[in-house]
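What follows is a single structure, written as structure tokens, with notes after it.
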Amino acid sequence: MNETMRAISPRTWGDPDVLTLIETPRPVPGPTEILVRVHAAGVNPTDWKSRRYGGLGLWNDPVILGYDVSGVVEAVGVGVTLFRPGDEVFGMPRFPHQAGAYAEFVTGPARHFAPKPAALDHVRAAALPLAGLTALQALTEAAALRAGQRVLIHAAAGGVGHLAVQIAASLGVHVTGTASAAKHPLLRALGADELIDYRTTDFTTAVRDVDAVLDTVGGDYATRSLRVLRPGGTLVTLTSPDDVPPAGPGSAGLRTGFTIVEPDHAGLRTLTELVASRRLRVEIDTVLPLEQAAKAHELSESGRATGKIVLRVAE
Ligand SMILES: NC(=O)c1ccc[n+]([C@@H]2O[C@H](COP(=O)([O-])OP(=O)(O)OC[C@H]3O[C@@H](n4cnc5c(N)ncnc54)[C@H](OP(=O)(O)O)[C@@H]3O)[C@@H](O)[C@H]2O)c1
């Protein structure tokens, strides 16, 4: 196959202007993989961190950024039983290896995708996999939260946070979130029980004895979060392994750890069920065309997004 496609590739690691529109060969699906015509690609902080620092270095040639995809199956590799050409799918293939979602076509293992939620258009579906699976895996696996327990979700209005608020609420977990005051009405509507304006209030004075904290801010938030956990509680750090507080008197009797989201077919189906039963909705901050990936990265890197930023690749 010698067909080509448009994609966004960083010329080198650095500022957003390193992102370049390139013409490159279409990928070919291997055994058990599907080829997806991308309609929309979600933007995540891991994308700008990779662009700036090179990320984990798990790149192909050419480097193509992006993980979140919603689109239509174009072709299937040998052995695929889940999908046929024409099926609408969404997913986060291959993470944390290169997926190459900022492109007109991607390939990935069939089971890294699931049928696109019928209630979501491609833009909203592309916004969901990475942030939604992160929230789901952190709440239900890393923190193993159950109905009646309490969680503190930092950056509750962000891509991960606003989905975590809703997933936790759907589990019957009491949700406290940190966000600037202007974002509180939205978060209440999404199911948050209590909100802390982190700009005016030190969260360690406003909440205590939670069963788990989801830390999507990092820095000193991790160590300070230990103070609000009940004995035996869990701190789930999502920013960097370096942000996990060192073992010491402050962490005695607590569970702490860094977690990385993984591709998860069953998890995608769970997110779809939550969407279908109206317990989960996806807030979109900004939609931009693929060519404006640099602008999308500037917005993401500002750290102020409410919900998700998405690149539209095809109508
Ligand atoms: N380990 C993993 O697998 C994994 C997966 C996904 C994401 N992550 C990481 O998790 C972090 C968050 O990701 P994301 O997609 O949710 O980011 P995001 O969408 O860019 O987060 C933006 C939100 O953060 C809020 N915020 C910024 N500083 C805050 C603070 N000090 N306290 C409370 N809220 C604050 C902002 O609200 P205001 O405007 O009100 O400040 C904004 O709504 C990133 O570092 C990302 O790399 C890790």
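The values are calculated or read from the model by the stated rules, or taken from the named source; none is laboratory data. The structure displayed is predicted, hence computed values, not measured ones. Here Cβ is always computed from backbone atoms with ideal geometry, including for glycine, and neighbour counts include all displayed protein chains. Side chains included, ligands, DNA and RNA excluded: accessible areas come from the protein's heavy atoms. Shrake-Rupley method; radii C 1.70, N 1.55, O 1.52, S 1.80 Å.
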Using a 1.4 Å probe, how large is the accessible area of ILE260, given in Å² and rounded to the nearest 10?
80
Projected area, mean over directions - segment 223-315, Cα convex hull, nm²
9.1
Carbon plus sulfur, as percent of the 1.4 Å-probe accessible area of the chain, comes to 51
Evaluated at 20 °C and 1.002 mPa s, the Stokes-Einstein D of the chain based on the Kirkwood radius over Cα pairs, in µm²/s, stands at 109
With +1 on the Cβ of every Lys and Arg and -1 on the Cβ of every Asp and Glu, the dipole magnitude of segment 131-258 about its Cα centre, in debye rounded to the nearest 20, is 220
So how strong a dipole does the chain carry about its Cα centre when Lys and Arg Cβ are +1 and Asp and Glu Cβ are -1, to the nearest 20 debye?
620
Under a 1.4 Å probe, counting only protein heavy atoms, ASP61 has an accessible area in Å², nearest 10, of 150
Choice from GLU291, GLU141, GLU262 with maximal GNM fluctuation in the chain (Cα, 10 Å cutoff):
GLU141
Over the chain, with the other protein chains present, what is the accessible area per residue in square angstrom, probe 1.4 angstrom?
42
Simple spin-label model, 7 Å along Cα-to-Cβ: ASP87 to TYR53 in nm?
3.7
Cross-link candidates for LYS183: which aspartates and glutamates have Cα within less than 15 Å, leaving aside residues fewer than 8 places away along the same chain?
ASP193, GLU194, ASP197, GLU283, ASP285
What percentage of all Cα-Cα pairs in segment 131-258 are separated by more than 20 Å?
34
FRET efficiency for ARG227 and ARG188 from the Cβ-Cβ distance with R0 = 41 Å, rounded to 0.05, comes out at 0.95
With the Cα gyration tensor of segment 144-186 in hand, give its eigenvalues times 5 under a square root as the equivalent ellipsoid semi-axes, listed largest first in whole angstrom.
19, 9, 8
Return the whole-Å distance between the Cα centroid of segment 270-311 and the Cα centroid of segment 204-228.
25
How many percent of DSSP beta bridges within segment 67-181 run antiparallel, rounded to 5?
65
3J(HN,Hα) from dihedral phi, segment 252-260, Karplus parametrisation 6.51/-1.76/1.60, rounded to Hz, x for glycine, proline
4, x, 10, 9, 10, x, 9, 10, 10
Three semi-axes of the equivalent ellipsoid, segment 54-106, Cα gyration tensor, whole Å, largest first:
23, 11, 10
Considering only DSSP beta bridges whose two residues both sit in the chain, what percent are antiparallel, to the nearest 5?
55
